[in-house]
Amino acid sequence: MRSDNRRATTTDAGPTGTFTFTQRARRAQIVQAAIETLAESGYTRTTFSRISRQARLCSTGMISYHFAGKPELITEVAHTIMGQAETMLEPRLREVDTYRGKLGVFIGSTFEFASTYPTHTLALAEIVAMARDRGSTGLERVEQDILCVERLAALLEHGVRAGEFGAVDCRTMAFALRGAIDGVLCQYLRNEAVDLDRCAQELTRAFGLCARAA
């Protein structure tokens, strides 16, 4: 019988590299507990002990079995949340033909995800803050993925080529838009009265004007 202290590997998961149903369920349980702990306690105080208590596991060894360490677990947390956000965003993007419309969908969907899943959004904010404040944590690539700057820049570049936007510096514009989005989310997560729908409309209008074609 396999000891719980030995970490799950791709070999354990099977020849196709997929996890068994039981392993997937346990990993999902741990990830959800980590999300809740991050949102409640912050990154620094999110330990395997706290996560174990949150998940009602008998020991931290059950976490170590599935994840080599905190960076690996936090990376899985980030990818899980981003996957959920993508599930909300992608169908809506496909329904819109213009890049100006897609920009509005991206902003609106980001805010809707935050209002629907505030705990998840707060957990992501903790991960980004940690990656920025502590430097090399093994989460640098995850931070970039969360912020979606490259994706925003690509959307704007497609809009420029389609003639919908003017000759803007798409990367600079993407950073500015990401900063504006994060500013709104920061106020919202502090439980301040923020109308996310109106903010989405105003940001879409403002950045659409800034990037409009001559």
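The values are calculated or read from the model by the stated rules, or taken from the named source; none is laboratory data. Model, not experiment: these values are computed from the prediction. So basically every Cβ, Gly included, is an ideal-geometry build from the backbone, and we count neighbours across all protein chains shown. We work out accessible area using only protein heavy atoms, side chains counted, and drop any ligands, DNA or RNA first. Shrake-Rupley method; radii C 1.70, N 1.55, O 1.52, S 1.80 Å.
The trypsin sites (Lys or Arg not before Pro) found in the range 110-214 that occupy coil by DSSP, while having at most 10 further C-beta atoms within 10 Å, are Arg190.
Would you mind getting the accessible area per residue of the range 48-132, heavy atoms of the protein chains only, 1.4 Å probe, in Å²? If you can, show how the numbers build up before the last one.
Details: 3830 Å² over 85 residues.
Solvent-accessible surface per residue comes out at 45 Å².
Just in the range 50-136: which GluC sites (Glu not before Pro) are loop by DSSP and have at most 15 other Cβ atoms within 10 Å? Answer in residue order: Glu95. Please list the helices of the chain that count as membrane-span-like by this rule: a mean Kyte-Doolittle hydropathy of at least 0.0 together with Cα atoms stretching 27 Å or more along the helix axis, each helix being a complete DSSP H run. Length and hydropathy pass: 170-189.
The mean sequence distance of close C-alpha pairs (under 8 Å, at least 6 residues apart), as a share of the length of the range 84-169, puts its relative contact order at 31 percent. Take every pair of alpha-carbon atoms less than 8 Å apart whose residues are at least six positions apart; their mean separation over the length of the chain yields a relative contact order of 20 percent. Over all Cα atoms in the chain, the spread is summed up by Rg and Dmax: 19.6, 70 Å.
Here each label is just a point 7 Å from Cα along the line to Cβ, and for Ala162 and Thr18 those points are 3.5 nm apart. Where does the Debye-calculated log10 I(q)/I(0) of the range 155-209 sit at q = 0.18 Å⁻¹, using only Cα point scatterers of equal weight, no solvent? For the requested q values the scattering log ratios are -0.65. Calculated [222 nm] ellipticity per residue, helices only, for the chain: -23500 deg cm²/dmol; basis is -39500 (n - 2.57) per DSSP H run with n ≥ 4, divided by all residues, nearest 500.
Pairs of C-alpha atoms in the range 39-149 farther apart than 22 Å represent 40 percent of all such pairs.
On the protein heavy atoms, probe 1.4 angstrom, tell me the percent of accessible surface of the range 10-143 carried by carbon and sulfur.
Working: 3440 of 6660 Å².
Carbon and sulfur together cover 52 percent of it.
Across the range 28-72, C-alpha contacts under 8 Å between residues 6 or more apart give a mean separation that, scaled by the residue count, equals a relative contact order of 36 percent.
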